[in-house]
Amino acid sequence: LAKTTQPISMDSYEGQEVNITCSHNNIATNDYITWYQQFPSQGPRFIIQGYKTKVTNEVASLFIPADRKSSTLSLPRVSLSDTAVYYCLPMNRDDKIIFGKGTRLHILP
Amino acid sequence: DTGVSQDPRHKITKRGQNVTFRCDPISEHNRLYWYRQTLGQGPEFLTYFQNEAQLEKSRLLSDRFSAERPKGSFSTLEIQRTEQGDSAMYLCASSSGPRFYGYTFGSGTRLTVV
C-alpha cells in the first residue's frame, strides 16, 4: 500500500484559496487518489477522486502531475465550515483504505 | 436511502460488559468495512465483508471482537469483556466495489468504557 505524507496542520483565513499537497512516491498503477474530509464526531466524507491531471467538482479541485507522485487538493474561497481534517488516500478496488493522520485545516475569521 | 446508518450513536458501558453495535449500509453496496478511531488519529481498519463473507480481519481485532454480516445486509460488531482501551469511535463504511473507488461512512458509534 502506498505511503502518503501530508502536512499535519494548516491555518488559513476565510475567503482564501487553500492548497493541501500530499506526496505518494510509491503509488501503484491501479491506485486512484482520493481525498476525504472529516468533521469532529462524524465519519469521513468523500470529497474528490482522480487518476491523472485535473479533476474539479462543486467542492474542490484535485491536481495530479504526470508522474502521480504527489497530488494537491485545492479548496476555493474557504469558510469557517471548512475547518476539518483532510485525508489523502491512494485507493483501488481491491484494497481497504489505510488512513494516516491527515491534515488538520483550521480556518480563521 | 439516506446513507450508512449506525446505532447507537453513543454507548457508555462498564468495564467487563459486552456491547454490540449495528451498521446498516447503503442497500446496493456489497462491501462493508469497520474502522476504529481514537482521538487525534485517523481511522484504523478492523475488518471487511463482501456480501456475507468476512474477507479480512486486522490484527487489531482481538478475540474479544467479532463481526457478522448475516445475509449480506446489515452488520454487527460485538466487543466482549470491554476494556478501557476499547473506548473509541467505531465507524462503519460501505462501498459498491469495483465501479466506485470510494466508501460512504456512517456517523459512527462513540464507545466510552468506564
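The values are calculated or read from the model by the stated rules, or taken from the named source; none is laboratory data. Bear in mind that the values here come from a model prediction, so they are computed numbers and not experimental data. Ideal geometry is used to build each Cβ from the backbone, glycine not excepted, and the neighbour counts take in all protein chains shown.
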Wholly inside the stretch B:75-114, strands (runs of 3 or more DSSP E) that include 2 or more residues that are modelled with pLDDT under 95 are B:88-95
In this structure, is B:Gly106 within 12 Å of chain A (Cβ to nearest Cβ) and either in contact with a Leu (Cβ under 8 Å, 6 or more places away or on another chain) or surrounded by fewer than 13 Cβ atoms within 10 Å (Cβ to Cβ) (or both)?
-> yes
Meets criteria (crowded, with 17+ Cβ neighbours inside 10 Å, touching a strand residue (DSSP E or B) at 6+ places or on another chain (Cβ under 6 Å) and hydroxyl-bearing (Ser, Thr, Tyr)) for B:Ser94 = yes
With criteria (1) away from chain B (no Cβ under 13 Å); (2) modelled with pLDDT under 95; (3) touching an Asp or Glu at 6+ places or on another chain (Cβ under 6 Å), A:Ser79 comes up short on (2)
Got at least one residue in the stretch B:55-62 being surrounded by 15 or more Cβ atoms within 10 Å (Cβ to Cβ), of a type in the set (A, V, I, L, M, F, W, C), touching a Leu at 6+ places or on another chain (Cβ under 8 Å) and outside any strand (DSSP E or B)?
-> yes
Output the qualifying pairs, or none if there are none: Cβ atoms under 6 angstrom, residues six or more apart or on different chains, first residue in the stretch A:7-31 and small (Gly, Ala, Ser), second residue loosely packed, with under 13 Cβ neighbours inside 10 Å and in a loop (DSSP other than H, G, I, E, B).
-> A:Gly15/A:Arg77
